[in-house]
Amino acid sequence: MLESISCQYEDVRALLLERGEEGRLNDLSEDTLKAMVMFLQRFKEATKALEASKTPTLHLSAVWLDRLKRHLQPSSTDNLTFSSLKATCLRILVEKYEIHLLHKLAMFLHPKLKSLKLLVEEHSMETVHNEVRRLVNDIKERRASPTQRVATVSSAPPEKRARQSEGLSDVEDSSPSDECTQDEVSAYIDFKSQREENFDVLSWWKEHATRFQNVAHIARSILSIPASSAASERDFSTAGFVVSERRSQLKPGTVDDILFLHSNLKKH
């Protein structure tokens with residue numbers, strides 16, 4: 001609303017002058033109005049990014065928290081009003097906006113943010129890496145059935161296994177195989193992605209799902225979590241218009257189909 005008034009300030013002034021109500025703008029200068037619109041613009045961008053429904057958003061929580069904190073830092077050009085406003089907004093932001101482990105995991109699972117530069121504490125980075133490794137191990141254990149593990153261990157008789165290993169002690173690698181093979185999480189951390197202007201995290205994981213099979217499984221699960229409930233609330237609002245008094249006999253499947261089409265049809 002403020003942005004609309006700012007863009008049409010002179011027209012609004014002329015209309016109020018015509019009506020004899022120009023006094024309504026006495027306490028609102030055009031410069032102050034523009035400054036307020038510019039101040040709120042950053043919050044508008046954050047809201048739009050975190051409420052998106054077509055792309056992953058959870059990894060953006062820490063990103064926008066950092067951006068807003070920097071936006072609310074005092075500046076030498078601020079007057080008393082804006083200095084007080086920034087201080088109040090920063091205090092509320094710190095109190096209300098808390099980054100949890102899930103947000104950190106989502107940020108790590110975005111190839112462009114996996115270095116976790118926004119995390120000040122070094123132990124937080126280690127916590128994220130260890131948690132992803134734990135999730136990878138859980139996936140491996142679920143995929144390996146008990147019968148498969150037994151068959152792998154006892155696939156050959158003891159005598160045959162002994163004969164297979166004979167005569168190689170002088171040339172075999174002395175280090176265990178687990179130590180020679182880099183774990184999947186470390187491989188993902190060290191992997192260098194190409195610089196792309198329009199980077200699509202979903203396409204990236206689809207392309208590298210074979211290389212990082214277990215981490216990709218975790219990424220699909222975590223990045224599918226929305227950062228905001230706004231998208232769901234919009235769907236409920238749309239459902240309220242679809243199931244009206246005149247269309248109260250719609251079958252649940254029909255309502256689902258209508259909402260699906262409404263959500264996915266491209267607007268031209």
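Listed here are the residues, each with its yes/no results for (1) closer than 30 Å to ASP200 by Cα; (2) not in a helix (DSSP H, G or I).
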position	(1), (2)
LEU33	no, no
LEU40	yes, no
PHE43	yes, no
GLU98	yes, yes
LEU102	yes, no
VAL136	yes, no
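For segment 212-268, which residues satisfy the criterion of being surrounded by fewer than 12 Cβ atoms within 10 Å (Cβ to Cβ) and aliphatic (A, V, I, L, M)?
Of everything in segment 212-268, those that are surrounded by fewer than 12 Cβ atoms within 10 Å (Cβ to Cβ) and aliphatic (A, V, I, L, M) turn out to be LEU261, LEU265.
Can you name every residue in segment 49-77 that is more than 13 Å from the chain's Cα centre (by Cα) and either under 23 Å from TRP204 (Cβ atoms) or crowded, with 16+ Cβ neighbours inside 10 Å (or both)?
ASP66, ARG67, LEU68, HIS71, LEU72
When you scan segment 206-242, how many residues do you find that are in a helix (DSSP H, G or I) and free of Cβ contacts under 8 Å to residues at least 60 places away in the same chain?
16
Mind listing just one residue for me: the one in segment 119-140 that is of a type outside the set (Ser, Thr, Tyr), touching a Leu at 6+ places or on another chain (Cβ under 8 Å) and touching a residue at least 12 places away in the same chain (Cβ under 8 Å) and, of those, surrounded by the most Cβ atoms within 10 Å (Cβ to Cβ)?
Going through the qualifying residues, I end up with VAL132.
One line per residue, one yes/no per condition, for (1) modelled with pLDDT of 85 or more; (2) assigned to a helix (DSSP H, G or I); (3) touching a Pro at 6+ places or on another chain (Cβ under 6 Å); (4) of a type in the set (Ser, Thr, Tyr):
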| residue | (1), (2), (3), (4) |
| --- | --- |
| VAL63 | yes, yes, no, no |
| PHE82 | yes, yes, no, no |
| ALA106 | yes, yes, no, no |
| LEU118 | no, no, no, no |
| VAL150 | no, yes, no, no |
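List the residue pairs whose Cβ atoms are under 8 Å apart, where the first residue sits in segment 188-203 and is within 12 Å of SER115 (Cβ to Cβ), the second is polar (S, T, N, Q), and the two are 6 or more positions apart or on different chains.
Sorted first by the residue in segment 188-203, then by its partner, the pairs are ASP190/GLN182.
Working only within segment 213-267, note down all residues that are of a type in the set (D, E, K, R) and either in contact with a Leu (Cβ under 7 Å, 6 or more places away or on another chain) or within 30 Å of SER186 (Cβ to Cβ) (or both).
Listed by number, the residues that qualify are ARG220, ASP235.
If you go through segment 224-268 one residue at a time, how many are acidic (Asp, Glu) and more than 28 Å from the chain's Cα centre (by Cα)?
Within segment 224-268, residues that are acidic (Asp, Glu) and more than 28 Å from the chain's Cα centre (by Cα) number 1.
Check SER177 against each of (1) exposed (fewer than 10 other Cβ atoms within 10 Å of the Cβ); (2) modelled with pLDDT of 90 or more and name the one condition it does not meet.
Of the numbered conditions (1) exposed (fewer than 10 other Cβ atoms within 10 Å of the Cβ); (2) modelled with pLDDT of 90 or more, the odd one out for SER177 is (2).
The values are calculated or read from the model by the stated rules, or taken from the named source; none is laboratory data. The structure presented is a predicted model; accordingly, all values stated were derived computationally and were not measured. Neighbour counts run over all protein chains shown; Cβ positions are idealised from the backbone, glycine included.
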